[in-house]
Amino acid sequence: MKGKHIILGISGGIAAYKSATLLRLFIKAGAEVQVVMTPAGKEFITPVTLSALSGKPVVSEFFTANSGEWHSHVDLGLWADAMVIAPATASTIAKMANGVADNMLVTTYLSAKAPVFVAPAMDLDMFAHPTTSRNLDLLRSYGNTIIEPASGELASHLIGKGRMEEPENIFKVLEAFFAKQEDLKGKKMLVTAGPTYEKIDPVRFIGNYSTGKMGYAIAEEAASRGAEVVLVSGPVDIMPRHPAIHLVKVESAREMLAACEEHFPTADYAVMCAAVADYAPADCAATKIKREGNEPPVIHLVKNPDIAKTLGMKKRDGQKMVGFALETDHEFDNAMSKLRSKNLDMIVLNSLRDKGAGFGTDTNKITIFTADGGETSFGLKSKREVAADIIDTLITL
Ligand code: PMT
């Protein structure tokens, strides 16, 4: 953690007194910490204590009242290697989930490029309320990590779930996160994402529902763990955020293959997450196919190249390849057959029979099969968490 930049966000809950311990643990481990408080947070713990412990003035307002100096949440957001909000009250969680940027903490959160960790703290009924659950799900779907509160006696003297996790345990989560950040350092990863479009005429194509969310999450996770990432992406509406991701935009399966063949030889890992069209029209009409006065056209299809299989056949010693299997039936058999026929080291099965899995969702539910016979099933998680599970398994191969 030495030299890492951490923003410690503190909102207005009794657990704010524990933030001083968390801050001290970060400082003792060699991190630089900038405390950002909500106005309510200051009612629970004084900024003087926190600035003395961090060695930096606490930021809470947009401007310093007497000098007019502007506190740039954008600069802070770029400075940070991680942002931790502890305690995160129901109100702060709701504002973060819905972009209500009316205080310095939430504006900083919205500007933060670094991973965000949220440690909720509130009364048991507030924590159990569907609004809070929905807001926490939203934060998870944005890739934030929720550090679950513990059960025990609360400030109200009621017993239940809502106590902020102990500072020592929050510290351990951050410690593990920073340790992981280095585990792909010096490695190059090729990732494919999104659909491919196969042109019928200048205005129509054959495509599928892939949004790129899963593949982009893998690229972001790998980059945040130190890898140099080449992301070969079909047409999607999202953009990578991490500066270590080199984006190569393609449209068709043939273009995707060409880009992959260029980058595969120097890659240590390749993760084939794209939903590649298996067939393309044999010809693309030069002008728009007209409806008036014509019978419905017959479109002859030809097989597209199998990108994963092509690369799998060229795999050199030490290279590891991951494929995906998107299935609607006979999941196990289909995944195993793709693992073998494409010469993969690992395959990630996601089934459209599982709610919240597959195309377009912010979540996924996967089973990983490895070529040496390993099989691990995971619960429904955000695509970023799924990406972490995939990479955790991949680096053990
Ligand atoms: O993008 P999202 O909306 O987030 O959705 C994510 C996803 C559902 C697209 C993703 O999780 C996923 O399952 N991707 C693979 C989809 C797919 O095409 O699966 P498949 O079973 O048809 O293909 C098997 C493997 O071969 C895949 O790794 C695929 O990238 C690869 N393939 C397939 C056909 C082809 N011509 N070339 C290939 O390389």
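The values are calculated or read from the model by the stated rules, or taken from the named source; none is laboratory data. Since the structure is predicted, the reported quantities are computational estimates derived from the model, not experimental observations. Don't worry about glycine lacking a Cβ; one is built from the backbone with ideal geometry, like all the others, and counts go over all protein chains shown. Accessible surface is based on the protein model in full, side chains and every heavy atom, while ligands, DNA and RNA are left aside. Shrake-Rupley method; radii C 1.70, N 1.55, O 1.52, S 1.80 Å.
Condition first: open to solvent by less than 60 Å² (accessible area, probe 1.4 Å) and part of a strand (DSSP E or B). Now tell me which residues in segment 353-380 satisfy that.
Residues satisfying the conditions are 363, 364, 366, 367, 368, 369, 370.
Quick check on this structure: which one of 334, 350 is open to solvent by 30 Å² or more (accessible area, probe 1.4 Å), over 28 Å from residue 186 (Cβ atoms) and out of contact with any Ser or Thr (no Cβ under 6 Å at 6 or more places or on another chain)?
Matching residue, one of 334, 350: 334.
Only residues that are closer than 16 Å to residue 215 by Cα and either free of Cβ contacts under 8 Å to residues at least 24 places away in the same chain or of a type in the set (Asp, Glu) (or both): list them for segment 365-380, please.
Of everything in segment 365-380, just one residue is closer than 16 Å to residue 215 by Cα and either free of Cβ contacts under 8 Å to residues at least 24 places away in the same chain or of a type in the set (Asp, Glu) (or both), namely 365.
Out of all the residues in segment 329-345, which are hydrophobic (A, V, I, L, M, F, W, C), outside any loop (DSSP other than H, G, I, E, B) and within 10 Å of the ligand (Cβ to nearest atom)?
Within segment 329-345, 335, 339 qualify.
What do you reckon, is residue 264 part of a helix (DSSP H, G or I) and of a type in the set (Phe, Trp, Tyr)?
Taking the combined requirement at face value, the residue satisfies it.
Step by step: first the residues of segment 273-328, then only those that are open to solvent by 90 Å² or more (accessible area, probe 1.4 Å), in a loop (DSSP other than H, G, I, E, B) and in contact with a helix residue (DSSP H, G or I) (Cβ under 9 Å, 6 or more places away or on another chain), then the one that is nearest to residue 391 (Cα to Cα). Which residue is that?
316
Might you let me know whether segment 279-290 holds any residue that is within 14 Å of the ligand (Cβ to nearest atom), within 23 Å of residue 209 (Cβ to Cβ) and without any contact (Cβ under 8 Å) to a residue 40 or more places away in the chain?
No: zero hits.
Considering each of 276, 232 in turn, give the residue that is within 13 Å of the ligand (Cβ to nearest atom), within 21 Å of residue 308 (Cα to Cα), free of Cβ contacts under 8 Å to residues at least 60 places away in the same chain and not charged (D, E, K, R).
232
Looking only at segment 80-131, count how many residues are assigned to a helix (DSSP H, G or I) and either of a type outside the set (Gly, Ala, Ser) or at pLDDT below 95 (or both).
20
Give me the pairs, please: first residue somewhere in segment 353-364 and among the polar types (S, T, N, Q), second residue anywhere and near the ligand (Cβ under 6 Å from one of its atoms) and open to solvent by 30 Å² or more (accessible area, probe 1.4 Å), beta-carbon distance under 9 Å, and either six or more positions apart or on two chains.
Once the first residue is among the polar types (S, T, N, Q) and sits in segment 353-364, its partners that are near the ligand (Cβ under 6 Å from one of its atoms) and open to solvent by 30 Å² or more (accessible area, probe 1.4 Å) give 361/211; 361/213; 364/213.
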